[in-house]
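**Q** Structure in structure tokens, see below.
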Amino acid sequence: MSDEALKDINQFLTFTLGKEIFALDIGTVREVLELTSITKIPRTPEFMRGVINLRGHAVPVVDMRLKLGMSKGEDTVDTCIIIVEIEFDGEFTVMGALVDSVREVFEMTPDTIEPAPKMGAAINAEYIRGMGRQNEQFIIIIDINKIFSAEELAMAKELAGAGGSPEQLPTEDAASATISL
């Protein structure tokens, strides 16, 4: 494969929410963690599950099902937290995305990614970067940088800074539960 062709390959981390398969650009993903203790923060939106202790730092965790307008699911042994880095106005915010399960890293070339459908999508089409395919299954490619409003990102930064000092968070360090891909 030529160097030019290699530049056009995008890698995505695929995950599930319910029966749907979603994907995030691997460039936005820092790591994947097993489900760990999440400390609920009062007076936050329902989709904001709380914060986790990640190597001494409070990281806000968002329930992706609720954020994307799906029904709340039950946590299982497959439930994971994807640690993502979100860019907004030149600033980066680290957040956890709670998903039903993580599948694999999958490569797609730009010519295999179709635009987001305009009709009847259960998810806000602004959040969708495109649609890919793996065998006969569609993969909804999420643009993590467009899912959160400026206010939500500001709240996440505040939670990370004021959500409790690391001493106040559960002592189980999420770093000990990292999943290798």
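The values are calculated or read from the model by the stated rules, or taken from the named source; none is laboratory data. Predicted model, so just to flag it, every value in this text is computed and none were measured. Glycine gets a Cβ as well: all are built from the backbone with ideal geometry, and neighbour counts include every protein chain shown. These accessible areas exclude ligands, DNA and RNA; they are computed on the full protein's heavy atoms, side chains included. Shrake-Rupley method; radii C 1.70, N 1.55, O 1.52, S 1.80 Å.
**Q** Quick check on my filter: what residues within segment 56-71 are in contact with a strand residue (DSSP E or B) (Cβ under 7 Å, 6 or more places away or on another chain) and either open to solvent by 40 Å² or more (accessible area, probe 1.4 Å) or not aliphatic (A, V, I, L, M) (or both)?
**A** Selection gives PRO60, ASP63, ARG65, MET70.
**Q** Condition test on LYS40, is it in contact with a Gly (Cβ under 6 Å, 6 or more places away or on another chain) and open to solvent by 50 Å² or more (accessible area, probe 1.4 Å)?
**A** yes
**Q** Which of the residues belonging to segment 68-90 are charged (D, E, K, R) and closer than 16 Å to ASP100 by Cβ?
**A** Matches in segment 68-90: LYS72, GLU74, ASP75, ASP78.
**Q** In segment 130-142, what count of residues is obtained for those that are in contact (Cβ under 8 Å) with a residue 60 or more places away in the chain and surrounded by 16 or more Cβ atoms within 10 Å (Cβ to Cβ)?
**A** Final tally of qualifying residues: 6.
**Q** Answer with yes or no whether MET48 is farther than 22 Å from MET131 by Cβ, open to solvent by less than 20 Å² (accessible area, probe 1.4 Å), at pLDDT 90 or above and in contact with a helix residue (DSSP H, G or I) (Cβ under 7 Å, 6 or more places away or on another chain).
**A** Considered against the rule, which asks whether it is farther than 22 Å from MET131 by Cβ, open to solvent by less than 20 Å² (accessible area, probe 1.4 Å), at pLDDT 90 or above and in contact with a helix residue (DSSP H, G or I) (Cβ under 7 Å, 6 or more places away or on another chain), MET48 comes out as no.
**Q** Could you tell me how many of the residues in segment 8-58 are small (Gly, Ala, Ser) and not in a strand (DSSP E or B)?
**A** So the count comes out to 4.
**Q** Further question on the same structure: For the structure I just gave you, tell me whether PHE92 is outside any helix (DSSP H, G or I), without any contact (Cβ under 8 Å) to a residue 60 or more places away in the chain and not aliphatic (A, V, I, L, M).
**A** yes
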